[in-house]
Ligand code: ADP
């Protein structure tokens, strides 16, 4: 599966799955647009309200820079933006710039997200709000800003990252599960609109060890998990052959939700 001459934008590209997705797409011929949040207090950015490829001196997110370097080493073209996906004006400014630079975006992977475990009665309003601002609103802003570009080209592939706890529930994961299920709903309805423009929208539910989850799982079980199935499924879901309006689980096949619950209590 090749992505030559296609432009792929990946949010949350600084770490975990986002980085793995970006590298895999670059290896398969895509040009990359990397997005992750500014980190640290000195993140003033430039006029865009964010740091972009043209102003890397202001970069604050070392992990995102590492992804950027890894992709440049592969010989792929790559643009870099440090911005908070929950800031709609920054998202719009980035898309305007992309329109000038590359004119098109074929693939959008909404992967930026936040994660935190908390018993229900102790959930703070600010944490609940942040979960929805980043995971749901951020995905909405990116998708809506890129929609006209994809429509104009008569082609688009959009992927939402969901989670096992969204589909089946998990202890102390109410905000995360609720936000990810909002994305499932978005896929279901938006895929109906996208069909006529050849824009396909799907979700991928990683059932594997990611940077987000390894903080919560015992090291002893880490070798059971692998990115490979997840990234391969991602490639299918953003390819020309992608279905529309589907939700795929991908990961270590033998790891059931019940086993996840067991691991968490080790
Ligand atoms: P996973 O394990 O699923 O890959 P990570 O926590 O490693 O999850 O990745 C989530 C990524 O999303 C991180 O790189 C993080 O910096 C990024 N991210 C979180 N919030 C925002 C935001 N508001 N804007 C942009 N990127 C964000």
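Bear in mind that the values in this text are calculations on the coordinates, not laboratory data. Here the structure is a predicted model, which is why all the values come from computation and not from measurement. As a convention, Cβ positions derive from the backbone with ideal geometry for all residues, glycine included, and neighbour counts pool all protein chains shown.
Results, tabulated for the structure shown:
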| item | result |
| --- | --- |
| Over the stretch 13-111, relative contact order from alpha-carbon pairs under 8 Å, at least 6 apart, % | 32 percent |
| Inter-centroid distance (Cα atoms) of the stretch 128-146 relative to the stretch 76-111, Å | 14 Å |
| Least to most buried among 158, 23, 199 (fewest other Cβ within 10 Å first) | 23, 199, 158 |
| Residue exposure sequence - 39, 180, 73 - by fewest surrounding Cβ within 10 Å | 73, 39, 180 |
| Over the stretch 120-180, relative contact order from alpha-carbon pairs under 8 Å, at least 6 apart, % | 43 percent |
| Rg/Rh ratio calculated on Cα atoms of the stretch 127-185 (Kirkwood radius) | 1.08 |
| If the convex hull is drawn through the Cα atoms of the stretch 1-142, its volume per residue in Å³ | 115 Å³ |
| Ordering of 77-83, 26-32 by packing [mean C-beta count within 10 Å, highest first] | 77-83, 26-32 |
